[in-house]
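In what follows, a structure is listed as structure tokens, so that the remarks can point back to it.
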Amino acid sequence: MKNYNKKFILPVSLLLSGLFLASCSSGPKREAIKAENLNTELKNSEMIDGKSKTGIDQDNNVMVSEQTSVMEFMHNLENEVRMQNDELYGTPDLNSKGLVGQLKDCYRKNPKATAGEIPQLPAEMQTDLADYKKVFKKEKSEGSTTDVGFNEKGQLVRNKTEDLHLRVDRFQKIKGQLQANKVVVEDKLADCKAAAASTK
């Protein structure tokens, strides 16, 4: 059983500040996050919920402290992105059409409706959301290395290590693109339904 006491815990504010800088700047390459011993203790602290607490810091400032494990942060982010993708583009394995499928159906039923171009995710973003983990090949790119070999237990594995900044940045960009595409598709779907209603 894993020893979860050894997980790296980073304040959400630290992660979010890194994301803000990434989205607003294309300047010098940032260094990878270093695991450090953080002083997260607050005097006279009281829990707000399972992750947040109020208390007094070393400078006698009343503070709110919130902590999230890096694993939980990434898990939630990637799940949210994949759910947004499924909602928009559907899940063929589950016979889910998504909003894009609904839009295509509307166009087929109403040939007089102006179809226009349906926004798609760039190819590289689609690759990130695909089930590429089953592909066994060695890769090396900026901030990421993938190897195939034996782990410490003698098991043959595909091992991928990646800079946390790069992975978070990538999924945040996919999330933003999905949100933008959803707005376009919803507008087109509303126009198509309105055109269909006007012909009745």
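Computed from the coordinates by the stated procedures, all read-outs in this text should not be read as laboratory data. Just so it is clear, the structure is predicted and the values come from calculations on it, not from any experiment. Reconstructed Cβ throughout: ideal geometry from the backbone, glycine too, with neighbour counts over all protein chains shown.
Assorted remarks:
- Charge context of P119, other residues only, Cβ under 12 angstrom, K/R +1, D/E -1: -1
- Here the gap between V62 and R82, fully extended at 0.36 nm per residue and compared with their Cα-Cα distance, gives a gain of 3.4 nm.
- Pairs exceeding a 28 Å alpha-carbon distance, out of K109/K173; K153/K175; K97/K160; K51/K173: K109/K173; K153/K175; K97/K160.
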